[in-house]
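Quick notes on the structure that follows.
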Amino acid sequence: MKAMGKTRRLMSLGLCGAAVTAALAVPPVQAAPSAAAARSAPPASSVVEGRAAPGEQRRVPGWTLTETGTEARFRGLAAVSRSAAWVAGSRGTVLRTEDGGRHWRDVSPAGAAGLEFRDIEAFDERRAVALAIGEGEASRVFRTDDGGTTWAESFRNTDARAFYDCLTFFDSRHGLAMSDPVDGRFRILSTSDGGRNWRVLPDAGMPLALPGEAGFAAGGQCLVSAGSRDVWLATGGAAAARVLHSADRGLTWTATAATIPAGDPARGVFGLAFRDRTHGIAVGGDYRADQASPEAAAVTGDAGRSWRRASAPPPAYRSGVAWLPHSRSSAVAVGPSGTDLTRDGGRTWSTVDTGSYDTADCAPGGGCWASGEKGRVARMR
């Protein structure tokens with residue numbers, strides 16, 4: 001729900017269908033790079049703003065950049081509607097718009113400038129929950145009920161072994177957050193009051209993590225939910241990339257190997273999207289710009305019990321994916337080198353834009369957004 005190992009941890013700090021117009025109104029951004037943390041990765045990409053892919057005859061998605069007035073990198077994004085969205089990112093920055101991105105209001109929590117926000121979940125224009133990532137007390141959760149005018153810190157991690165990456169909500173009350181493995185198992189945090197209070201769930205139903213396995217705080221999509229009880233967790237860094245699934249709000253889990261290559265701290269599944277409790281898409285690859293990602297997408301039709309390679313995957317690493325509203329077959333995937341579109345449920349993809357984005361999100365009622373480096377936030381038209 002969006003609207004309604006050391007090496008791995010250092011990397012996480014840098015990461016962790018209506019058809020629309022073919023013309024892209026995407027002016028180049030001339031701002032200087034943001035002051036990312038010294039440990040940040042992957043590096044910001046240098047790209048040429050995209051146009052519709054040559055030869056594309058049907059109408060394809062296009063992003064229109066908005067002026068945010070900041071150079072923060074926004075890896076957290078929550079689409080509320082065509083006109084309303086929230087973004088959360090580096091240097092403790094949280095912004096909100098209610099007019100389609102014409103104006104963005106800085107609603108950053110007081111005293112959060114040293115934090116790295118990587119996920120935000122919004123229930124509407126007024127209520128949202130944001131996750132800051134990092135080791136120990138750098139992992140925190142904040143909640144607002146007044147459009148970001150005031151925030152309450154509802155959770156601060158006090159276990160130096162934990163490192164929280166993503167959060168998700170089933171509805172306006174029930175939600176989960178996930179941490180990289182502690183004592184050999186992924187740690188799950190649960191709330192039943194909309195993020196006001198949190199508790200660590202028992203780990204007896206969580207499979208053992210593989211050596212080197214962890215999540216990516218890349219775009220707020222390493223933990224996603226669909227319906228009232230189903231939730232999926234994406235991993236990488238180990239010998240195999242896996243997707244873990246729970247059908248009881250995080251109490252018990254099963255793990256399935258995904259087809260996206262791993263075997264390196266920089267490789268694995270970075271983002272998930274489910275349009276219902278059975279049909280899902282996984283994206284990822286190798287976030288390093290000088291490394292190929294030949295199998296960057298996979299699909300499932302059985303709630304993640306099995307995954308199939310995309311027959312024509314995106315051409316490079318992708319960190320975010322979103323199903324288009326009112327469609328059972330169309331979705332977009334985004335990454336530092338571009339945006340790709342599928343019209344057949346994730347089996348084949350074509351590049352439709354070369355702008356840099358880290359994550360994308362679509363509101364159930366309509367309205368898709370993307371965000372990324374150098375203050376980039378765009379709306380789909």
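Among Thr144, Thr150, which is of a type in the set (Ser, Thr, Tyr) and more than 18 Å from Phe169 (Cα to Cα)?
Answer to the selection: Thr150.
Could you check region 174-208 and list, in sequence order, the residues that are assigned to a strand (DSSP E or B), touching a Phe, Trp or Tyr at 6+ places or on another chain (Cβ under 7 Å) and either among the charged types (D, E, K, R) or surrounded by fewer than 17 Cβ atoms within 10 Å (Cβ to Cβ) (or both)?
Once the filter is applied, which keeps residues that are assigned to a strand (DSSP E or B), touching a Phe, Trp or Tyr at 6+ places or on another chain (Cβ under 7 Å) and either among the charged types (D, E, K, R) or surrounded by fewer than 17 Cβ atoms within 10 Å (Cβ to Cβ) (or both), region 174-208 yields Asp180, Ser190.
List the strands (runs of 3 or more DSSP E) inside region 63-118, counting only whole elements, that have at least 3 residues being surrounded by 24 or more Cβ atoms within 10 Å (Cβ to Cβ) and not β-branched (Val, Ile, Thr).
So the answer is 74-79, 85-89.
So which residues in region 245-282 are closer than 22 Å to Gly301 by Cβ, aliphatic (A, V, I, L, M) and surrounded by fewer than 22 Cβ atoms within 10 Å (Cβ to Cβ)?
Within region 245-282, Ala247, Ala255, Ala257 meet the criteria.
Residues that are in contact with a Ser or Thr (Cβ under 6 Å, 6 or more places away or on another chain): which strands (runs of 3 or more DSSP E) entirely in region 324-381 hold 2 or more of them?
331-335, 338-342, 350-353, 377-380
Can you confirm whether Gly285 is crowded, with 22+ Cβ neighbours inside 10 Å and part of a loop (DSSP other than H, G, I, E, B)?
So Gly285 fails the test.
Every residue, every condition in (1) acidic (Asp, Glu); (2) touching a Cys at 6+ places or on another chain (Cβ under 6 Å); (3) within 21 Å of Phe270 (Cα to Cα), yes or no:
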site: Phe117; (1), (2), (3): no, no, yes
site: Leu131; (1), (2), (3): no, no, yes
site: Gly134; (1), (2), (3): no, no, yes
site: Thr150; (1), (2), (3): no, no, no
site: Glu153; (1), (2), (3): yes, no, no
site: Arg156; (1), (2), (3): no, no, no
site: Arg161; (1), (2), (3): no, no, no
site: Asp165; (1), (2), (3): yes, yes, yes
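Since every read-out is calculated from the coordinates, none of them should be taken as a lab result. Keep in mind that what you see is a predicted model, and the values were worked out from it rather than measured. Positions of Cβ are backbone-derived with ideal geometry, glycine not excepted, and every protein chain shown enters the neighbour counts.
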